[in-house]
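The values are calculated or read from the model by the stated rules, or taken from the named source; none is laboratory data. Quick caveat: nothing in here was measured; it's all calculated off a predicted structure. Every residue, glycine as well, gets a Cβ built from its backbone with ideal geometry; the counts of neighbours run over all protein chains shown.
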Amino acid sequence: MGHKLRTYGLWILLALSTGMQAYTLSDRAFISLVTCAPGQELYARYGHTAIRVCDPEYPFDILFNYGIFSFNTDHFYWKFVKGETWYSLGTSSAKWFFEDYEEEQRPVYEQMLNLTPAQRENVWQALCENDKPENREYLYNFVFDNCATRPYELIKSAIGDSIVSDYIGYKGQTYRRFIRHYTGALSWENAGINLLFGPKADRVMSNEQRLFLPEELMYYLQQAHTPDGTPLVNRSHIAPFAVSPTPWYASWPLGLVLYFLLVLTMSLYDRKRQRWSWWVELVAAVPYGLLLVIVTFLTFFSCHPLVGFGWRLLIIPLTHLCARIVYIVR
C-alpha cells in the first residue's frame with residue numbers, strides 16, 4: 001500500500017516562516033478520511049488511505065499521506081525482502097492529490113469525520129508533529145503498521161474515546177483470505193504469496209486487525225461511533241472497491257496444468273526412447289530450491305510477520321512427482 005505521488009513540503013504550503021503548529025484550526029475547518037481505489041501495480045492492489053485537513057479560513061487544503069516510499073532508496077528490494085522498508089509521511093495539496101488519482105483512473109472516496117473542535121485540533125496537531133523531519137519516517141509493516149493503520153490510530157488517540165463499530169464485513173476471515181481477495185485467487189502474485197506465507201497467515205483476525213486494509217477501514221469508520229452513540233462520520237461518499245479478475249490465460253492453475261503436461265509428455269517420450277531428460281528435473285528443482293531458500297531466509301532473518309514454512313510449499317514437488325510416476329508405471 002505504497003504511494004509514489006508528487007509531494008510538496010507542508011512548510012511551503014503553509015508559509016515556511018511560521019511553521020504549521022502556529023496555526024489553530026478555525027470553526028470552518030473539517031477533517032476527512034480519504035480512501036483510494038486499487039491500482040494495477042502489486043503495491044497498489046490494496047488501495048490507499050490518507051487524511052485531508054481543509055480550513056477555508058486561511059485557506060489551505062492538505063492531504064497527509066503515510067504511504068510515501070522511493071524505489072531509489074539504496075538496496076530497496078533487499079531491504080523490502082528483509083522487512084526493513086522505511087516509509088514516510090508526505091503532504092500535498094488536496095487538489096494535486098485528487099488530480100493524480102484521476103489521471104490513473106482510480107476512484108477516490110471521502111468520509112468527513114464528525115469531530116468536536118477540540119478533537120479536530122488534536123488530529124491537526126498530531127499530524128503536524130508527525131510531519132516534522134525527525135518524525136516522518138517509520139518502519140513499514142504490511143499488516144501492523146501502514147498507511148491505513150497510522151491514520152486510524154491517530155484518529156482514535158485524538159478522539160480520546162474508544163471507537164465502537166457495527167461493521168461486521170468479513171468477520172472471522174484470516175489474513176491469507178483477505179489478501180487473496182485483492183490480489184486475485186488465480187493470480188500468480190497470490191500463488192507466490194501463498195507459498196511464502198506460513199501458518200501465522202491463517203489466524204483469524206479481530207475487528208481492528210482487519211483495518212490494515214483501506215477498504216475495511218473505510219467501512220469500519222462508516223458504521224463507527226463513540227461509546228455515547230455519536231457517529232464518527234457525518235457525511236461521506238463511498239463505494240465498494242472494484243477488484244479486477246485474473247484473466248484465465250494468466251492464471252496459475254493454467255500454468256500448473258501446462259507444466260504438468262510438459263513433464264507428462266517428456267516422461268512418455270523418455271520412456272519411448274529409453275533415455276532420461278535431465279533438464280526436466282532441473283525445471284522443477286531450481287524454482288523449488290529457490291523458494292525453499294527464500295522462505296528459510298524470510299523465516300529466520302526477516303521482520304515480515306506472516307512468512308514461514310507451510311504445507312503449500314509441497315505443491316511443486318508433488319505436482320512433479322505425479323507426472324514422473326507416469327514414467328515409472330508405463
- prompt: In the stretch 245-255, is there at least one residue being free of Cβ contacts under 8 Å to residues at least 24 places away in the same chain and farther than 21 Å from residue 190 by Cα?
  reply: no
- prompt: Quick one: what pairs do we get from the stretch 185-214, first residue assigned by TED's automatic domain parsing to the domain that holds residue 42, second surrounded by fewer than 17 Cβ atoms within 10 Å (Cβ to Cβ) and among the hydrophobic types (A, V, I, L, M, F, W, C), C-beta under 8 Å, 6+ apart or different chains?
  reply: 212/144
- request: Name, by its number, the condition in (1) of a type in the set (D, E, K, R); (2) in contact with a strand residue (DSSP E or B) (Cβ under 8 Å, 6 or more places away or on another chain); (3) over 21 Å from residue 37 (Cα atoms); (4) surrounded by 14 or more Cβ atoms within 10 Å (Cβ to Cβ) that does not hold for residue 137.
  value: (4)
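Any idea which residue in the stretch 200-218 is surrounded by the fewest Cβ atoms within 10 Å (Cβ to Cβ), counting only those that are under 15 Å from residue 50 (Cα atoms) and of a type outside the set (A, V, I, L, M)?
216
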task: For residue 194, work out the one condition from (1) under 23 Å from residue 252 (Cβ atoms); (2) touching an Asp or Glu at 6+ places or on another chain (Cβ under 9 Å) it doesn't fulfil.
output: (2)
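Working carefully through the options 150, 106, find the one that is in a helix (DSSP H, G or I), surrounded by 14 or more Cβ atoms within 10 Å (Cβ to Cβ) and assigned by TED's automatic domain parsing to the domain that holds residue 229.
150
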message: When you check residue 100 against the structure, is it modelled with pLDDT of 70 or more, within 30 Å of residue 193 (Cβ to Cβ), among the acidic types (Asp, Glu) and surrounded by 15 or more Cβ atoms within 10 Å (Cβ to Cβ), yes or no?
response: yes
message: Can you find, within the stretch 239-284, the residue that is modelled with the lowest pLDDT among those that are among the β-branched types (Val, Ile, Thr) and not assigned by TED's automatic domain parsing to the domain that holds residue 318?
response: 243
- prompt: Taking the stretch 134-147 only, how many residues are touching a helix residue (DSSP H, G or I) at 6+ places or on another chain (Cβ under 6 Å) and either assigned to a helix (DSSP H, G or I) or of a type in the set (Ser, Thr, Tyr) (or both)?
  reply: 0
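Conditions tested, residue by residue: (1) modelled with pLDDT of 90 or more; (2) closer than 20 Å to residue 141 by Cα.
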{"site": "8", "(1), (2)": "no, no"}
{"site": "35", "(1), (2)": "yes, yes"}
{"site": "38", "(1), (2)": "yes, yes"}
{"site": "47", "(1), (2)": "yes, yes"}
{"site": "76", "(1), (2)": "no, yes"}
{"site": "79", "(1), (2)": "no, yes"}
{"site": "94", "(1), (2)": "yes, no"}
